1. When Met159 is evaluated against the numbered criteria (1) touching a strand residue (DSSP E or B) at 6+ places or on another chain (Cβ under 9 Å); (2) farther than 30 Å from Thr104 by Cβ; (3) of a type in the set (A, V, I, L, M), which criterion, by number, is the only one it fails?
2. Could you please give the count of residues in the range 248-262 that are buried (at least 19 other Cβ atoms within 10 Å of the Cβ) and within 12 Å of Thr278 (Cα to Cα)?
3. Starting from the range 449-466, take each residue that is within 12 Å of Ala437 (Cβ to Cβ) and free of Cβ contacts under 8 Å to residues at least 12 places away in the same chain and list its partners that are in a helix (DSSP H, G or I) and open to solvent by 50 Å² or more (accessible area, probe 1.4 Å), counting only C-beta distances under 8 angstrom and pairs at least six apart or across chains.
4. Restricting attention to the range 126-135, does a residue exist that is buried (at least 19 other Cβ atoms within 10 Å of the Cβ) and part of a helix (DSSP H, G or I)?
5. Please verify whether the range 325-343 includes one or more residues that are open to solvent by 60 Å² or more (accessible area, probe 1.4 Å), touching a residue at least 60 places away in the same chain (Cβ under 8 Å) and of a type in the set (D, E, K, R).
6. What are the residue pairs meeting all of these: first residue in the range 266-283, first residue under 13 Å from Thr217 (Cβ atoms) and touching a residue at least 12 places away in the same chain (Cβ under 8 Å), second residue assigned to a helix (DSSP H, G or I) and aliphatic (A, V, I, L, M), Cβ atoms under 6 Å, and 6 or more apart or on different chains?
7. List the strands (runs of 3 or more DSSP E) inside the range 1-114, counting only whole elements, that have at least 1 residues being open to solvent by 50 Å² or more (accessible area, probe 1.4 Å) and aliphatic (A, V, I, L, M).
8. Can you confirm whether Tyr584 is within 27 Å of Ser491 (Cα to Cα), aromatic (Phe, Trp, Tyr) and without any contact (Cβ under 8 Å) to a residue 60 or more places away in the chain?
Amino acid sequence: MVTRMHGDLEKLVKAGKIPADFATRLDKFSPAKYVMHPEWGVGKVEAWSLAKQLVKINFEQKPHFVMGLKLAYNQLTAVPEGHFLIACFDDADGCRAKAEGKDTILEFIAYVLEHNLSLREGVDEVLEMEPEDLEKFLSGRVIPEENWKSWWEKARTAMKEDPRFRLPTKKGETIRTREAASAADALLMDYTEATSLESCVRILDQSHLEALKGEYTIAAKLVKAMEDDIERNRTEPQHVLELIIIRDDILEATTEGKEDKQAELDAALTAEGVSTLTTLADKLQTITSEDLVTYIGELTVSRQNKVYEALPAAYPESWMAYTTNIFLFGGAKATVPAADFIIAKGGKEQLFEDLINGISRQNLQPEVLIWICRERNGEAKELVDKTKMALGAAIITAIEKDSADGGPNKALRLRNLLMDDKELAPDLVTGINELEARPFAKSLYDSSVLPDLDRNLLLANMMKIHPSLQEVVLARVQVKEKQSLYVSLRSYAARKAEYEDIINVRIPKNKHDLEITRAEGDLRENGGYQDAKATRQVLMRRSEELSRLLSQAEPTDFSGATCETTGMGTRVTFESAKGQEVVYTILGAWDSIPEQGVIPYTSKLGARLIGHKVGDSVRLPIEIGGAQVKMTVTAIDPAPKELIFPDAEA
C-alpha cells in the first residue's frame, strides 16, 4: 500500500532543500510512525521538529522520550505498517486477552506468524518464526515473563492439535501455518515436503497416527510416498528401517486391524499403484551386520526389537551370528535388547561360548562386560560362575586399553560401574579360592588407570571375602612406590596437553556452564545443569588421574635401546614356518596402536616380546587377540622416530 510522505517533508522536497530519496527514508520516523529500539522496545513517534532536529517518541520502556533526529535515524529501526508489533503496542490488553483466551489463542498466534514483516529496509516479506522468536517478541510484551513457560506449553498443545499449524521437529526449524483440511491431510503435506528421511521420521514420530483412522485415500498416498523412499534411498539405511516400521504402524492405525477396513485400504493402495510392500526382512537382506552395528543403537528399543524379530526371516541360517555381532559391537544402547532377543530365541549357550572365548582373550568391548556384570546374578550367572578367574582381569584390561587409547571414553561407564557397584569386585572373587583370586587382585593393584583411593577401596572390599589378599598389597607396595612408567616423548606430550586442556580450558568452561544452567532454576529437571554436573565429575576424575600418571611417568626417546635384543624402543619382525610375517613395535606404557602393531612394554604381549634375539622362537598371535602361532625373530630394528617424538620434533 502506498502512503503519502509527511507534509513537512513534502514542503522541504518541493523547496529543494532535501533530496526526495532522503526524505523517503526520514519519513519512516515521522509522527504516527512506529520504530524499534534495541533496549527500549517498540515506540510510536508523537511529534518532531525538523528545524531543531528533535523527535519525541513514546517507547515501551521509555515513555515520551525526546532524542536527536540524527541519533534516532542511526539507532532506530522502522516498524513497517501491518507488523504484529504495532497491534501489540496499540492494544496490549486486547492482544493479551486473545493470547490467553482458550478460543482465541490460535487466532492470535496465526496473526503473529502472518504479520511478522521484515524489519530490514527495502525487504517486503513475512519472515518465518522459530519458538525462540515468539518468546523474544511476546514474553514481557504480551505474556508476563513469569507466565511464559506455562503459556507456551498451552500454545504448543493447541497448535499440535490443529492441522493449520506445523510445529518444528527439531531446533532451528520454524512454526508454519498451512491450508490443511484435516490432521491426516496435514501429515501427508508435511511428509511430502520433507527434504530428508531423517525429517520424514521426525514428522511421523511427532504426529498422531490415529488421525489416519478411516482415511484410506490419504493413508494410501502416504504409504506410496514412503514405499518410494524405502525403495530409492541408499544413503540413510537407519531411517529406511524406521520408515518400514512406522509404515506398518500406519497400516494398523488406518484399519484398526479389521478385515473390512483392510479391504478398503487395499483398494486405495491398488489405486495408488502399490501392489507389494518392502518388509524389514527384505531390507535387512541388503545390510551386513558390520554396517548395522554402526547405527542400530540409534533406534529405540522397541524398533530394535522389531529388527531382531525380522532377522530369522532375513537370514534363516545365520541370524544367530548376525545378532551376536550386534551384541558384541553395537554399543551401549544395542547390547541389552540384542542379548534379550538371543536368549529368548534359545541362543544362550552359543552366546556364552563366544563370551567365554572373548573373556579368555580379554578382547570384549566395555559395554559387553557391563552387561555381564549387571546380569551376574541373572541371565549371565552361569557365565560368570565359569569365568570368575578371568573376568576381573578382562575388566581391568578393557579399562587400561581405553586409557591407553587416549582417555576415558568407551570404558568410562565400565570403570564407574566397578566403583559404584560396591558388591561387584567382592562377587568376582566369591566362590573361588584365595590363590585363584590373587591374579585379579594383582592386576587391580598394579593398574595405573585407577586413582589410588578407588583402587584401595576395591581391594578393601575384596579382602572381606579373602582377608589374605592383604599380603598381595603389602608385598607389592614397596616395589610399586619405586616404579616409574617409561613413556615415549610423543605420548607424554599428548597426556600433558590433555591435562593442561582440562585444567585451563575445559574445567573453567564447565564452571561457566554450571553457573549459566544453575541460573535457569529447577535443578532436578534441568537437563543442562545435570549434564554439566556429570561432565564436571568426569573432568575432575580425569584430571586427578592424569596428574598422578604424569608425576609417575618418565618420558624417554629410547636412545639407549640396543638392537641386539628385543626391548623398549625396538621394532621386531617375526616370521612363521608358513611365511606369515608380523611386526611389533615395543614402546612406552602409554603407546598402544594395535592396528599398527604398536604395543606398550607393560602389556602382557609386550612383556613376552622383551629379551629375545634374532633366531629365537616365540608363540605369538598373527593379529592381536587372535590365535597364537610359533614365530621366529628375523629382525630387530630401532622404533620409527615418528612413533617416539611429538609431531613437531619427529
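1. Status for Met159: all satisfied but (2).
2. 0
3. Within 8 Å, the pairs are Met463/Gln470.
4. Looking for residues that are buried (at least 19 other Cβ atoms within 10 Å of the Cβ) and part of a helix (DSSP H, G or I), one finds at least one in the range 126-135, hence yes.
5. First pass over the range 325-343, keeping only residues open to solvent by 60 Å² or more (accessible area, probe 1.4 Å): 329, 333, 336, 340.
From what is left, the residues that are touching a residue at least 60 places away in the same chain (Cβ under 8 Å) are none.
No.
6. Ala268/Ala220; Leu269/Ala220; Glu272/Ala220
7. Values: elements: 34-37, 41-49, 54-59, 65-68, 77-79.
The strands (runs of 3 or more DSSP E) meeting that bar are 54-59, 65-68.
8. Working: within 27 Å of Ser491 (Cα to Cα): yes; aromatic (Phe, Trp, Tyr): yes; without any contact (Cβ under 8 Å) to a residue 60 or more places away in the chain: yes.
For Tyr584, the condition - within 27 Å of Ser491 (Cα to Cα), aromatic (Phe, Trp, Tyr) and without any contact (Cβ under 8 Å) to a residue 60 or more places away in the chain - is met.
The values are calculated or read from the model by the stated rules, or taken from the named source; none is laboratory data. Model, not experiment: these values are computed from the prediction. Quick reminder, even Gly has a Cβ in these numbers, built from the backbone with ideal geometry, and neighbours come from all protein chains shown. Surface areas here come from the heavy atoms of the whole protein model, side chains and all, with no ligands, DNA or RNA. Shrake-Rupley method; radii C 1.70, N 1.55, O 1.52, S 1.80 Å.
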